[in-house]
There are 2 protein chains.
Amino acid sequence: MTKDKTREALLEHGTRLILEQGYNHTGVLAILQAAGVPKGSFYHYFRNKEEFGLSVLQRYFDQHMANVERFLSDASKPPLLRLRQCFEFYVDYFQKHDCRWGCLLGNLSQELADQSPAFRAQLGELIGKWTSRVADCLKEARDRGEVAQNLDPLRTAEFCVNSWEGALLAMKAVKDLRPLHTFLAFFFDRLCAKSIQG
Amino acid sequence: MTKDKTREALLEHGTRLILEQGYNHTGVLAILQAAGVPKGSFYHYFRNKEEFGLSVLQRYFDQHMANVERFLSDASKPPLLRLRQCFEFYVDYFQKHDCRWGCLLGNLSQELADQSPAFRAQLGELIGKWTSRVADCLKEARDRGEVAQNLDPLRTAEFCVNSWEGALLAMKAVKDLRPLHTFLAFFFDRLCAKSIQG
């Protein structure tokens with residue numbers, strides 16, 4: 001493998017293992033074995049496990065945001081429908097994957113926010129960026145009269161993102177998509193109120 | 001220490017350590033040391049670490065539900081206000097504790113639901129009981145005309161509990177009570193809609 005490919009393989013297998021087992025429970029050796037990379041070469045690519053974990057988180061976020069952007073920038077649809085379809089995409093994803101793993105942003109917030117200032121700072125920044133993108137979409141929906149004028153886009157986006165993360169937690173516990181469908185129904189049909197048939 | 005007191009000390013210190021570090025990251029030795037209990041005596045009280053963890057979870061839940069019940073059974077106040085004040089009690093609690101730890105039910109759902117069928121089954125059952133108690137309160141609120149007649153109490157309770165757990169995740173990440181206040185504002189003022197001044 002080239003140097004870039006080796007690094008990418010470590011990040012890819014590390015992401016999967018951390019999603020499955022958590023960060024603390026995932027050893028460097030297990031990551032190297034999963035990626036088929038010789039022992040000892042880990043520290044050619046990453047200073048330590050924390051730097052590796054932060055790189056896993058950043059890569060996961062970049063892929064997530066590319067996905068979010070793909071939905072939210074589709075000007076052919078009304079803004080609220082774009083946002084809903086983005087979450088529906090993830091509902092399909094978790095259906096395919098038997099309600100496992102959840103979201104790495106939520107998982108690492110739970111596991112590491114109290115333990116690592118570096119993870120906490122990065123998680124806060126990344127969740128803030130996602131929330132801000134959702135807020136832009138809600139602002140557009142408000143400007144078009146799709147949601148009530150007195151819904152504050154940023155606070156509504158915070159509630160949306162946080163409630164989604166909570167729904168994912170519940171999904172993992174009950175191994176059923178129902179918490180995600182409940183989120184969609186309450187957030188979009190109740191809270192954002194107006195009909196959004198596309 | 002008597003046998004019962006030793007068992008209680010192990011559970012109490014175990015709860016704190018698992019809240020701080022997670023279940024996988026907390027070793028039996030660390031629990032024994034924190035509780036000041038001699039090595040080797042752990043297995044007099046618990047068959048294995050999983051049985052211990054399940055006992056920690058049950059004890060945490062029993063305390064949580066005693067607390068929930070204290071608020072929700074107070075017939076001197078309107079039902080929706082009781083529910084709100086129960087969550088406000090926890091907002092004060094997390095303010096005192098610098099936005100750390102979160103809720104053990106949510107934490108272990110995140111950490112163990114994919115790893116342990118025994119934890120998953122117990123988490124599903126306990127979260128179901130809490131949700132059901134919240135649903136009873138919301139049904140009472142609906143019967144008294146405090147919330148819209150078309151709000152389904154059980155699904156609304158599910159959304160409430162899940163969104164609260166999501167707000168706690170965010171609180172841990174940003175180390176700020178804002179996600180909890182946002183939850184209160186959106187769930188009670190927006191979703192449940194009618195004024196609930198007590």
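Where a number appears in this text, it was derived from the coordinates with a stated rule and is not lab data. Computed from a predicted model, the values in this text were never measured in an experiment. Note that we place each Cβ from the backbone using ideal geometry, even for glycine, and neighbour counts take in every protein chain shown.
According to the square roots a ≥ b ≥ c of the eigenvalues of the Cα gyration tensor, what is the shape class of the range B:61-162, taking rounded for a/c under 1.5, prolate for a/b larger than b/c otherwise, and oblate for the remainder? In terms of gyration-tensor shape, oblate.
Name the shape class, rounded, prolate or oblate, that the alpha-carbon gyration tensor gives for the range B:104-198, where a ≥ b ≥ c are the square roots of its eigenvalues, rounded holds for a/c under 1.5, and otherwise prolate holds if a/b is larger than b/c and oblate otherwise.
oblate
Chain A versus the axis that turns it onto chain B: the residue with the nearest Cβ and the distance in whole Å amount to A:Gly166, 1.
Over the range A:1-70, the ratio between the Cα radius of gyration and 2.2 N^0.38 Å evaluates to 1.09. Each copy carries a label point for A:Pro78 at 7 Å from Cα along the beta-carbon vector; from one copy to the others these points are 3.2 nm apart, nearest first.
In whole angstrom, how far apart do the alpha carbon centroids of the range B:162-180 and the range B:46-112 sit? About 14 Å separates the Cα centre of the range B:162-180 from the one of the range B:46-112. Where q = 0.10, 0.14 Å⁻¹, what log10 of I(q)/I(0) comes from the Debye formula for the protein assembly as shown, counting one point per Cα? Summing over Cα pairs of the protein assembly as shown leads to -0.69, -1.29.
Annotation for A:Arg190, label-to-label distances across the other copies: 1.2 nm (shortest first, one decimal, point 7 Å from Cα along Cα→Cβ). Are any of the pairs A:Lys175/B:Lys172; A:Lys3/B:Lys172; A:Lys139/B:Lys96; A:Lys5/A:Lys96 more than 31 Å apart by Cα-Cα distance, and if so, which? Beyond 31 Å between Cα atoms: A:Lys3/B:Lys172; A:Lys139/B:Lys96.
Within 10 Å of each Cβ in B:64-70, how many Cβ atoms from other chains are there, averaged over the peptide?
Other-chain Cβ atoms within 10 Å of each residue's Cβ, averaged: 0.
Shielding value for B:173-183 is 5, the average number of Cβ atoms from other chains within 10 Å of each residue's Cβ.
Calculated [222 nm] ellipticity per residue, helices only, for chain A: -23000 deg cm²/dmol; basis is -39500 (n - 2.57) per DSSP H run with n ≥ 4, divided by all residues, nearest 500.
Summing charges over all other residues whose Cβ lies under 12 Å from the Cβ of B:Thr15, with Lys and Arg as +1 and Asp and Glu as -1, gives -2. Relative to the other identical copies, B:Arg144 shows label-point distances of 4.1 nm, where the label point lies 7 Å from Cα along the Cβ direction and values run shortest first.
Average the reciprocal distances over every distinct pair of alpha-carbons in chain B, invert the result, and give the Kirkwood radius in Å. Present the calculation step by step, with values, prior to reporting the outcome.
Numbers: mean 1/r = 0.0553 Å⁻¹.
Hydrodynamic radius (Kirkwood, Cα pairs) of chain B is 18.1 Å.
With kT/(6 pi eta Rh) evaluated at 10 °C and eta = 1.306 mPa s, and Rh the Kirkwood radius from Cα pairs, the range A:98-140 diffuses with a coefficient of 138 µm²/s according to Stokes-Einstein.
As a calculated quantity, the FRET efficiency between A:Arg16 and A:Ala121 at R0 = 30 Å, using C-beta atoms, amounts to about 0.75.
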